[in-house]
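To start, the structure under review is shown below, and the notes come after it.
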Amino acid sequence: MSDIDFNKINSMEFDVLREIGNIGAGNATTALSQMINSKIDMKVPNVELLEFKNLADIVGGADRIVVGILFTLENDIDGMMMFMMDMPASRYLVNILLGNPQPDDLSGDYEFSEMELSALSEIGNIIAGAYLSSLSTLTNLTITSSIPYMAIDMAGAILSVPAIEFGKIGDKALLIETEFGDKEKSVNGYFILIPTLNSYKAILNSLGL
Amino acid sequence: MSKIIKVGMADANVCAAPDVITTLGLGSCVGIVLYDPVSKIAGLAHIMLPDSTKILNNSNKYKFADTAIDILIKDMMRIGANRNNLVAKIAGGAQMFNFGNSSEMMRIGDRNVEATKEKLAQLGIRILAEDTGANYGRTIEFYPETGLLHIKAVGRELKII
């Protein structure tokens, strides 16, 4: 069993992590689609290993406001998982879920109501649950997740939490970007899975690597 | 015209007046500004973790409070700062998510702030002002011309320390 070092990750390991991301995001989109009872398409996710200083650029800059929903993981896999969306994506999904009409312009400042916040939290729950259950099925490992913890703030600040966990095991972070939407509109969501070092080994071992 | 120098996460840079140095979206990380008021040279490090000796993979020295401060001082002296003049201002170290418990993993913001203060105290560098803790992200800009640190946060007024 070799130590995982994200600076020297081999292409086989990267492919496996990418595939896990792919399947997880696919299941999460299906779950979201069922929840809102309308078809949601998902593009093939874009999986990247990024240096910390470039991490926030992919979501449009460190000071862009985003919604981050974070779960802590326990059991065979320890660590964190985060689902992050920008404000337009969050508002779009909340409006679908609550049956509110979509405004023409979803950009600009906005403050969510209590009701909308709990809808967001529920979206996070469903997406993360589907993501984790596919990971669990794939690896045959037991994963228990916490309740969702949510924060709405600058992307850099929200990303600092998973980035710090990655920082303990390397100098890069693994980010999975997925674009989903219906035929009228598409929005971006980002998954970040941060198992501890031992859990990475557990995941790769369970898949025979 | 003055330039704006950007510092990313686990990164650091130096700057001299009239230029401005900034880092965007500090969360649990800490932004450490070192400043020589005589030469008006400043350095800014955006650290993620408290202690390089506790982590096996520590090739990026800018990631840790202890090693980042050491390198930042050298970088500043290289462009003309005087070690004996240095003072500090720090910001960040928030707890972004409200976890019910206070496990080690969750207290990282506090630990980053503590480690930063400890290191600066060891080096005899005085902290003139700080804006740390709480639960929100901060964007900071330091103006070596005036020695002032501007702190922006979502839905809050500009704070100048």
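The values are calculated or read from the model by the stated rules, or taken from the named source; none is laboratory data. Here the structure is a predicted model, which is why all the values come from computation and not from measurement. Using ideal geometry, Cβ is built from the backbone for each residue, glycine included, and neighbour counts are taken over all protein chains shown. Quick note on the areas: whole protein, heavy atoms, side chains included, nothing else; ligands and nucleic acids left out. Shrake-Rupley method; radii C 1.70, N 1.55, O 1.52, S 1.80 Å.
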Karplus 3J(HN,Hα) series, Hz, for region A:112-122 with 6.51 cos²θ - 1.76 cosθ + 1.60 (x for Gly, Pro): 6, 7, 3, 4, 5, 5, 6, 5, 4, 4, 5
Which positions within region A:47-68 get 40 Å² or more of their accessible surface covered by the other protein chains, compared to the chain by itself, with a 1.4 angstrom probe? A:Phe52, A:Lys53
Interface residues, region A:143-168 - accessible area loss of 20 Å² or more versus chain alone, probe 1.4 Å: A:Tyr149, A:Ala151, A:Asp153, A:Met154, A:Gly156, A:Ala157, A:Ser160, A:Val161, A:Ile164, A:Glu165, A:Gly167, A:Lys168
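Report the A-B buried area as the accessible area lost on both sides summed, probe 1.4 Å, in Å² to the nearest 100.
2400
In whole percent, how big is the carbon plus sulfur part of the accessible area of the protein assembly as shown, probe 1.4 Å, protein atoms only? All intermediate terms of the calculation are to be shown ahead of the outcome.
On the way: 7620 of 15650 Å².
Carbon with sulfur: 49 percent of the solvent-accessible area.
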As a test of reading the structure, rank A:Arg64, B:Arg138 by solvent-accessible area (1.4 Å probe, protein chains only), most first. A:Arg64, B:Arg138
Averaged over B:130-140, how many beta carbons belonging to a partner chain fall within 10 Å of each residue's beta carbon? 3
For peptide B:108-118, what's the mean number of Cβ atoms from other chains within 10 Å of each residue's Cβ? 1
Note down the net charge around B:Thr67, summing +1 for each Lys or Arg and -1 for each Asp or Glu among other residues with Cβ under 10 Å from its Cβ. 0
What ranking do A:23-35, A:152-164, A:103-115 get when scored by the average of other Cβ atoms within 10 Å per residue, highest first? A:152-164, A:23-35, A:103-115
Just tell me which aspartates and glutamates come within less than 12 Å, Cα to Cα, of A:Lys168; anything on the same chain fewer than 8 places away is out. A:Asp5, B:Asp51
Using only Cα atoms and rounding to the nearest 10 degrees, what angle (0 to 90) does helix A:155-167 make with the longest principal axis of chain A? 10
Dipole magnitude of region A:6-206 about its Cα centre, charges +1 at Lys/Arg Cβ and -1 at Asp/Glu Cβ only, in debye to the nearest 20? 500
Around B:Asn84: net Lys/Arg minus Asp/Glu count, Cβ-Cβ under 13 Å: +1
At 1.4 Å probe size, with every protein chain present, just tell me what the per residue accessible area of region B:4-160 comes to in Å². 41
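Would you work out the relative contact order for region A:6-206, in percent, from Cα pairs under 8 angstrom that are 6 or more residues apart? Can you show the working numbers first?
On the way: 335 pairs, mean separation 74.2, N = 201.
Dividing the mean separation by the residue count of region A:6-206 yields 37 percent.
Looking at chain B only, what percent of DSSP beta bridges run antiparallel? Nearest 5 please.
Details: 30 of 40 bridges.
Of the beta bridges lying entirely in chain B, close to 75 percent run antiparallel.
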First measure r as the distance between the Cβ atoms of A:Asn140 and B:Asn98, then evaluate 1/(1 + (r/R0)^6) with R0 = 30 Å and state the FRET efficiency to the nearest 0.05. 0.35
Using +1 at the C-beta of Lys and Arg and -1 at the C-beta of Asp and Glu, which of A:Tyr92, A:Val59, A:Leu132 has the Cα lying farthest in the positive direction of the dipole of chain A? A:Leu132
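Expressed as a rounded percentage, what relative contact order does chain B have, with Cα pairs under 8 Å and six or more residues apart? List each step's numbers first, then the result.
Numbers: 404 pairs, mean separation 42.3, N = 161.
Across chain B, relative contact order equals 26 percent.
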Residues of region B:47-91 with accessible area at least 30 Å² lower in the all-protein-chain context than alone (1.4 Å probe)? B:Met48, B:Leu49, B:Ile55, B:Asn57, B:Lys63
Accessible-area ranking of A:Met150, B:Met48, largest first, probe 1.4 Å: A:Met150, B:Met48
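If you count only protein heavy atoms with a 1.4 Å probe, what accessible area per residue comes out for chain A, rounded to a whole Å²? Kindly include the intermediate steps, with their values, before the conclusion.
Numbers: 8710 Å² over 209 residues.
Result: 42 Å² of accessible area for each residue.
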